[in-house]
Amino acid sequence: MELIKDISDIRHHFPALSQSVNGKPLVYFDNGATAQKPDCVIELVNKMNSGINGNIHRAVHELSARTTELYEGARESVRNFINADSREEIVFTSGTTASINLVANSFSQAFLKKGEAVLLTEGEHHSNIVPWQMACERHGAKLRVLPVDENGCWKMELLDSLLSDGKVKIASVAHISNVLGVVNPIEELIEACHRFGVPVMIDGAQGIIHSSVDVKKLDCEFYVFSGHKLYGPTGIGVLYGKKVFLQKMPPWMGGGDMVGTVTFKKTTYADLPLKFEAGTPNFIGAAGLGEAIGFLAKIDKNFIKEHEEILVARMLEGLASVDKLKLYGVSDRKISLFSFNVGNVHPTDVAMLMDKMGIALRSGMMCAEPLMSHFGVSGMLRASLSVYNTVEEIDYFVNSLKRVLKMLS
Amino acid sequence: MTIKEAENQIIEEFSIFTDWLDKYEYLIELGKSLPIIKESSKSETNLIKGCQSKVWLAADYKDGKIYFTADSDAIITKGIISLLIRVFSGRAPQEIIDADLGFIKEIGLQDNLSPTRSNGLVSMIKQIKFYALAFSANK
Ligand SMILES: Cc1ncc(COP(=O)(O)O)c(C=O)c1O
């Protein structure tokens, strides 16, 4: 099979990219929030909604058999994509947030006790803070926070001191921050945590897009991500968990499909992974995610890597040419995600005017209030690029940004 | 001048803009020239929280009329606020309660005032109407 290694070929597969917004060709730079979908994903979802639709795992009829096949086929695609050992380790959820909540509830129920602690970092998304805070409140445990430095990088030298008293029962950290766009040293953190016997969950919402993830090599206990940021549909996500942990964890939600036998006296639970998939799952979303992963496999890996390097270099150069611009998250492990402020200009004003020029940006706190406080700001602007963005779009973005800043000054 | 007349005056002013750029440049100008609210009025109680930008709104009731002052940390929001103040400030409560704000759509700013933009303006209008109701009940 001929691999795709041409930007216009790639763009061709994403119908959303050819639209106009506010009378201008769309420049979609909000991929960190959600990505556009390739035609094959759209077609599969349409096909399922308009015909291949029967509830999975339940019936003997043809439609049910076909959706079940698509659903379980998607599980296999995900397993292969992140190199997990078995299908039992791949749980479908509604997204990163749901996966984190599942672990924060179920893991904590089994392993977190009064006086113990959960380790996070200062750079986490609210989705990787609040569920743990809630779990800690329930079990009388505390959050411990690994601080970040002035560039937003983890202060690794403080890690051992946070782990050494044996109180920390789990660490949950982002692979790549949705604000800083820097690849965190998770290998090093996992290694340190394991030295103290602490299991690690990686929030891979951004990481899964910008690096090839091998959970066996990483050796993390959990890895979670969302389908919609990986060119798949919304409402589908993944929890990877090592079997030894998933087996020891109690189910979180009860319902159909997650049971062995049910009587009013006692219910036994289904085996992994169904134990954690109560009720009718988003089987169309899962199949769509499987399709998105299949699409990614058709793009040349080297092209993706080189293209991102080109985008990052061009963007850094462009941003450096803007007067008074402060970039957050400076590192040589930078992905194509850039958060910044310019002087005292309000991020919302810039985002609003850029929208008028057809450019979709994110502005505000980006669900990471503690990180905003760390940098002493109440918001930032963010441009997050993807495999289908171009150098020309970056140039248009930089020029438009300068024009907008002039208007606002 | 009635509220309706003030609205019409704004519609007239905006009718000369054919380009969105000019329109926003004008809003930015208005934002810069908005009389600043008293620093003491920028209190937690007068703060209307939008997800994206902050808006402060204070109201004074004198001789049967309500006088509004306001501010925001975002300049375009401030520009739109200044239009709202022009329309609403110095009016009797009942007139404010009855106003339908048709001018916003007329000058093409309805997008900025949709609840989905979460910039605090929708809450600000609600708050203005709320003040009007409160003062009319206290008469
Ligand atoms: C780092 C990170 N964690 C968690 C999330 C939450 O993902 P979702 O809203 O898809 O559950 C996001 C999405 O913005 C993210 O970027």
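In this structure, the pairs whose alpha-carbon distance is over 30 Å, taken from A:K37/A:K243; A:K216/A:K326; A:K324/B:K49; A:K155/B:K32; A:K324/B:K32; A:K298/A:K334, are A:K37/A:K243; A:K216/A:K326; A:K155/B:K32. Relative to the globular-protein estimate of 2.2 N^0.38 Å, the Cα radius of gyration of segment A:45-297 stands at 1.03. With the charge dipole of the protein assembly as shown set up from +1 on Lys and Arg Cβ and -1 on Asp and Glu Cβ about the Cα centre, the Cα lying farthest toward the positive end among the listed residues B:M1, A:H61, A:G140 is that of A:G140. Highest mean packing comes first when the peptides B:63-74, A:348-359 are listed by Cβ atoms within 10 Å, giving A:348-359, B:63-74. Within the shell defined by Cβ-Cβ distances under 12 Å, the residues around A:S331 carry a net charge of -1, with Lys and Arg each +1 and Asp and Glu each -1. Dipole check for segment A:40-92: with +1 at the C-beta of Lys and Arg, -1 at the C-beta of Asp and Glu, and the Cα centre as origin, the magnitude is about 160 Debye. Of the peptides B:40-48, A:92-100, the ranking by mean beta-carbon count within 10 Å, highest at the top, reads A:92-100, B:40-48. Among A:E188, B:E95, the ranking by other beta carbons within 10 Å of each residue's beta carbon, starting with the fewest, stands as A:E188, B:E95. Peptide A:367-380 has a mean shielding of 1, counted as Cβ atoms of other protein chains within 10 Å of each residue's Cβ. Model label points for A:T234 and B:K105, set 7 angstrom from Cα along the Cα-to-Cβ axis, are 2.6 nm apart. For the peptide B:74-80, the mean number of other protein chain Cβ atoms found within 10 angstrom of a residue's Cβ is 5. Ordering A:L218, A:Q109, A:V45 by the projection of their Cα atoms onto the charge dipole of segment A:45-297, which places +1 on the Cβ of Lys and Arg and -1 on the Cβ of Asp and Glu, puts A:Q109 at the extreme positive end. The calculated 222 nm mean residue ellipticity attributable to helices in chain A amounts to -12000 deg cm²/dmol, summing -39500 (n - 2.57) over DSSP H runs of n ≥ 4 and dividing by all residues.
With an 8 Å Cα cut-off and a minimum separation of 6 or more residues, compute the relative contact order for segment A:45-297 in percent.
25
Summing charges over all other residues whose Cβ lies under 9 Å from the Cβ of A:F340, with Lys and Arg as +1 and Asp and Glu as -1, gives +2. By the combined test of axial Cα extent (at least 27 Å) and Kyte-Doolittle hydropathy (mean at least 1.6), none of the DSSP H helices of chain A qualifies. The residues A:M1, A:M372, A:M134, when put in order of fewest to most other Cβ atoms within 10 Å, stand as A:M1, A:M134, A:M372. The magnitude of the dipole of chain A, with charges of +1 and -1 set on the Cβ of Lys/Arg and Asp/Glu and taken from the Cα centre, is near 960 debye. Peptide A:346-356 shows a mean partner chain C-beta count of 6 within 10 Å per residue C-beta. A cut-off under 15 angstrom between Cβ atoms defines the neighbours of A:E76, and their net charge, with Lys, Arg +1 and Asp, Glu -1, is -3.
Only the coordinates and a few stated rules stand behind these numbers; no lab work does. What you see is a predicted model; the values in this text were computed from it and never measured. All Cβ positions, glycine included, derive from the backbone under ideal geometry; neighbour counts span all protein chains shown.
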